[in-house]
Amino acid sequence: MSARVVIAHLYPDDMNIYGDVGNVIALRRRLEWRGIDVEVRSVEVGSPFDFAGVDIVFGGGGQDSGQQVVAEDLLARGDDLRSLAAGGTPMLVVCGTYQLFGSSVVTADSAALDGIGIFGARTVAGASRLVGNIVVDSPFGRLVGFENHSGQTILDPGQDALGTVTSGFGNDRASQREGARTGNVIGTYLHGPVLPKNPHLTDHLLRVALERRCGPTELAPIPDDLERRAADSAAARPR
Ligand code: GLN
C-alpha cells in the first residue's frame, strides 16, 4: 500500500502528561511496521493550521493550567474539528483534551472553560482526584490504563460512553461510565499511554483512517504478545 497517513497532534507542548505522546508514537510505529508512511503535524496555540488532508486527530491530557492555555485556541478551531468529526475522521482525545471536546469544563480553581461540543458532556472538578489503574469494557474489547483527574464528567442523555468501568473510576465516581464516543471520535480518561497498552484500539483508529483513504483495508498482524500479557497482568492487579 502506498498510503501516507497524516496525524494532527493537538497542542503537544501544553497537553502532554503521563506520557500521552506515546499514543502518537504507537500510531506512527504501527503504520511504519506495516510499510505505511506517516506524517505528524503539530497544532500549536496561535499558529495557523490547515486540517485539510488530516487522517487522524490526537490530543492528550494536560493540567488545568494547560487547558486554560489552549481552550480559546481550540474554540477557534471548533468549526474545523466539528466538521472533520461529522465527516468521520477518527480522533482520540485523552483526559484534558477529552474534557475540552465536551461542552464545558470547570477547573479546580473554578475557571469556567467552554468546550467545542463534539461530545455532549460537562466536566466539573471534584473535591478529590480520581487516581489509579482502570479497566474498561468497551466495544473495542477490554481497555487498560491509568487515570488521574479531578474533573468529573457527566454525559448528556443520549451521549454514548466509550465503555463501562470494571475497575477504577472513569468519568465520575458513580456512573461506571468511561469516556465518550461520537461517530469515530473517542474521548477517554485513560493514560498509560492508552494506545501502546491497547494495540487493538490503535489498530481500530488506523483501520478507520486507512479505509477512509483507500477503501477496505486488511491490517497486517503485528505480534502483540507482550502487550497482551501486560494488559492481562494490569487487569488482574487489584487497584
Ligand atoms: N486537569 C484535568 C483534571 O484533573 C485533566 C487532567 C488530565 O488530563 N490528566 O481533571
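Rule-based calculations on the coordinates, nothing more; no lab input. The shown structure was predicted, so the numbers you read here are calculated from the model rather than taken from an experiment. Heads up, the Cβs are rebuilt from the backbone with ideal geometry, glycines too, and the neighbour counts pull from every protein chain shown.
Let me check I've understood the local charge: for Asp137, count other residues with C-beta under 14 angstrom from its C-beta, Lys and Arg +1, Asp and Glu -1. What total comes out?
+1
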Item checked: Karplus 3J(HN,Hα) series, Hz, for segment 218-224 with 6.51 cos²θ - 1.76 cosθ + 1.60 (x for Gly, Pro) -> 9, 7, 4, x, 10, x, 10
Note to self: If I build a Gaussian network model for the chain, linking alpha-carbon pairs within less than 10 angstrom, which residue out of Gly141, Gly59, Gly102 has the largest mean-square fluctuation?
What the structure shows: Gly141
Item checked: For segment 189-239, the spread of Cα positions along each principal axis, largest first, Å -> 43, 25, 12
Notebook entry, point to check: Cα-based Rg of segment 23-74 per 2.2 N^0.38 Å, rounded to two decimals?
Noted result: 1.37
Notebook entry, point to check: If the viscosity is 0.692 mPa s and the temperature 37 °C, what translational diffusion coefficient in µm²/s does Stokes-Einstein give for the chain when Rh comes from Kirkwood over Cα pairs?
Noted result: 186
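Quick one: length gained pulling Thr217 to Arg129 fully straight, 0.36 nm per residue minus the C-alpha distance?
Details: separation 88, 0.36 × 88 = 31.68 nm, distance 4.12 nm.
Here the answer is 27.6 nm.
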Notebook entry, point to check: Across segment 114-128, in residue order, what do the Karplus-derived ³J(HN,Hα) couplings come to in whole Hz, using 6.51 cos²θ - 1.76 cosθ + 1.60 with θ = phi - 60° and x for Gly and Pro?
Noted result: 7, x, 8, x, 5, 10, x, 7, 10, 10, 10, 5, x, 6, 10
Next item on the list: May I ask for the net charge around Val105, where only other residues with Cβ less than 11 Å from the Cβ of Val105 are counted and Lys, Arg are +1 while Asp, Glu are -1?
Entry: -1
Check: Just how many % of Cα pairs in segment 108-239 lie over 20 Å apart, if you round to the nearest whole percent?
Finding: 49
Check: Assuming R0 = 41 Å, what is the FRET efficiency of Ala230 and Asp79, from their Cβ-Cβ distance, to the nearest 0.05?
Finding: 0.55
